[in-house]
1. Name, by its number, the condition in (1) more than 22 Å from THR101 (Cβ to Cβ); (2) in a helix (DSSP H, G or I); (3) not small (Gly, Ala, Ser) that does not hold for GLU64.
2. Give LEU83, LEU72 a once-over and let me know the one that is out of contact with any Leu (no Cβ under 9 Å at 6 or more places or on another chain) and in a strand (DSSP E or B).
3. Output yes when any residue across region 78-87 is over 25 Å from ASP5 (Cβ atoms), of a type in the set (Lys, Arg), exposed (fewer than 14 other Cβ atoms within 10 Å of the Cβ) and at pLDDT 85 or above, and no when none is.
4. Would you mention how many residues in region 1-37 are at pLDDT 85 or above, assigned to a helix (DSSP H, G or I), over 10 Å from the mean Cα position of the chain (by Cα) and among the charged types (D, E, K, R)?
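The values are calculated or read from the model by the stated rules, or taken from the named source; none is laboratory data. Just so it is clear, the structure is predicted and the values come from calculations on it, not from any experiment. Here the Cβ positions follow ideal geometry from the backbone for every residue, glycine too, while neighbour counts run over all protein chains shown.
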Amino acid sequence: MSSMDFFANGTAEVVAQPSRWAILEYLMQSKDDKYVEQIAKELKIHPRMVSHHLDVLQDQGLIETRYELIDLNGSKRGVAVRLAKATPKAKEVVQYFHERTKAGAKP
């Protein structure tokens, strides 16, 4: 994907929001899928805002999410959580912007 594609399809605008950028980088650095509350706690963002940002990132194809039952805090029946992970497109976008900011280049 070219740099102009990132701007033309709205991806650049989406990742320019600081919380979304932080979430995207966090998911890329994570070995495992992360659920909303983990992301919220780590990045100090309210869980509802994390969920909103995940929706926006998912609409751009930067993350994938799924729901799963997990054992959480000793729960007997499991808790439904929304798990998120970065997509290959996210890696391409983040790498592009990291290279541009390091080089001081313009898009």
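1. For GLU64, the exception is condition (2).
2. Working: LEU72 fails: in a strand (DSSP E or B).
Residue meeting the stated conditions: LEU83.
3. Narrowing region 78-87 to residues over 25 Å from ASP5 (Cβ atoms): 78-83.
Then drop every residue that is not of a type in the set (Lys, Arg), which leaves 82.
Checking which are exposed (fewer than 14 other Cβ atoms within 10 Å of the Cβ) leaves us with none.
No; the residues of region 78-87 include none that is over 25 Å from ASP5 (Cβ atoms), of a type in the set (Lys, Arg), exposed (fewer than 14 other Cβ atoms within 10 Å of the Cβ) and at pLDDT 85 or above.
4. Qualifying residue count for the region: 2.
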